[in-house]
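The values are calculated or read from the model by the stated rules, or taken from the named source; none is laboratory data. Since the model is a prediction, treat every value here as computed from it, not as a measurement. As a convention, Cβ positions derive from the backbone with ideal geometry for all residues, glycine included, and neighbour counts pool all protein chains shown.
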Amino acid sequence: MDRAQLADFLRSRREALQPEDVGLTKGPRRRTQGLRREEVAALSDMSVDYYSRLEQGRGPQPSEQMLAAMARGLRLTAAERDHLFHLAGHQAPRRAIGGEHVAPGLMRILDRLADTPAQVMTAMGETLVQTPAARALFGDETRFAGNARSVVYRWFTAPGTRDVYPSADHEKLSRAFAADARGFAAQQGPGSRAQRVVDALLAESPEFAAIWADHEINATHELEKRVQHPELGVMEVHCQFLVDPAQHQTLLVLTATPGTESYDRLQLLSVIGTQRLTSDA
């Protein structure tokens, strides 16, 4: 670990970012060049003290998980992320299709959707980053590990995952998720993460196994969906997808028709998300 170079690199990347680059407002009294340390720490989901010590060259060796979080927080390119890992004494992650590094361009779009339910996901439905409104609706989907990182796996093994959708829509969604898994497993091949999720589901979920036996490949997710929230009730939303072809990642954005009750309820999600994040802090 090269503490001096790591500190210098973190500081230079922080100073190169402007508040508007990450969806923040640049106030008239701002004297800091670029972002403040506390802003980078918040974007990286870590304490200000931890990040500050790294930037001052006196912190411990960060884990790969912490480095990945800082790479997203600082909006690093793939090459910059690899450099960050090397400076911290780690091997850079393999640049696989559908990897976990979110491109800066996709992050910049997400930054401008702070009051909208939006999240970046891999092909297997592994959530990499969410807006506060998305966390208020779906919960923190970035906290899971192993097979449970995939929403497809959780759909068939963790009943609470289905609470965000009305029960009348569950069967249709089950078939769509199973079809997704079949397509991803075929694309990625034996030994892939997608195939491991499928194998686990075949062993653990009779429902998934029964649907899998039907060999459905055309069960698509509808763009118009109903979602529900324990406090706000059912909302009719439109699902918009923006795909990063290089990473095979998808930015999912939920919107509602202005002037409708669903629109008003969706607007309240950002307030609920902020309150929950504040109470959890």
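The residues of the stretch 146-173 that are farther than 20 Å from M235 by Cα and of a type in the set (S, T, Y), listed by number, are S150, Y153, T157.
Residues in the stretch 50-72 that are free of Cβ contacts under 8 Å to residues at least 40 places away in the same chain and either outside the structural domain of A7 (by TED's automatic domain parsing) or of a type outside the set (S, T, Y) (or both): 10 in all. Taking the condition within 17 Å of G139 (Cα to Cα), loosely packed, with under 15 Cβ neighbours inside 10 Å and modelled with pLDDT of 90 or more, does V253 pass? No.
Applying the condition of being among the hydroxyl-bearing types (S, T, Y) and outside any helix (DSSP H, G or I) to the stretch 135-157 and asking which residue is nearest to V253 (Cα to Cα) yields T142.
Against the criterion of being in a helix (DSSP H, G or I), in the same structural domain as L242 (by TED's automatic domain parsing), modelled with pLDDT under 90 and more than 13 Å from the chain's Cα centre (by Cα), A185 qualifies. For the stretch 187-206, a tally of residues being surrounded by fewer than 16 Cβ atoms within 10 Å (Cβ to Cβ) and closer than 22 Å to P166 by Cα returns 1. Only one of R53, R75, R14 is in a loop (DSSP other than H, G, I, E, B) and among the charged types (D, E, K, R). Can you tell me which? Result: R75 is the single residue among R53, R75, R14 that is in a loop (DSSP other than H, G, I, E, B) and among the charged types (D, E, K, R).
Are any of the residues in the stretch 35-49 outside the structural domain of G139 (by TED's automatic domain parsing), more than 16 Å from R14 (Cα to Cα) and not aliphatic (A, V, I, L, M)? So far as the stretch 35-49 goes, no, none of its residues is outside the structural domain of G139 (by TED's automatic domain parsing), more than 16 Å from R14 (Cα to Cα) and not aliphatic (A, V, I, L, M). Within the stretch 86-105, if we keep just the residues that are crowded, with 18+ Cβ neighbours inside 10 Å and at pLDDT 85 or above, the residue that is nearest to F9 (Cα to Cα) turns out to be L87.
T116 - would you say it is polar (S, T, N, Q) and farther than 25 Å from L269 by Cα? Spelling it out, it is not the case that T116 is polar (S, T, N, Q) and farther than 25 Å from L269 by Cα. Looking at the stretch 17-28, is at least one residue modelled with pLDDT of 90 or more and part of a helix (DSSP H, G or I)? No - not one qualifying residue is present in the stretch 17-28.
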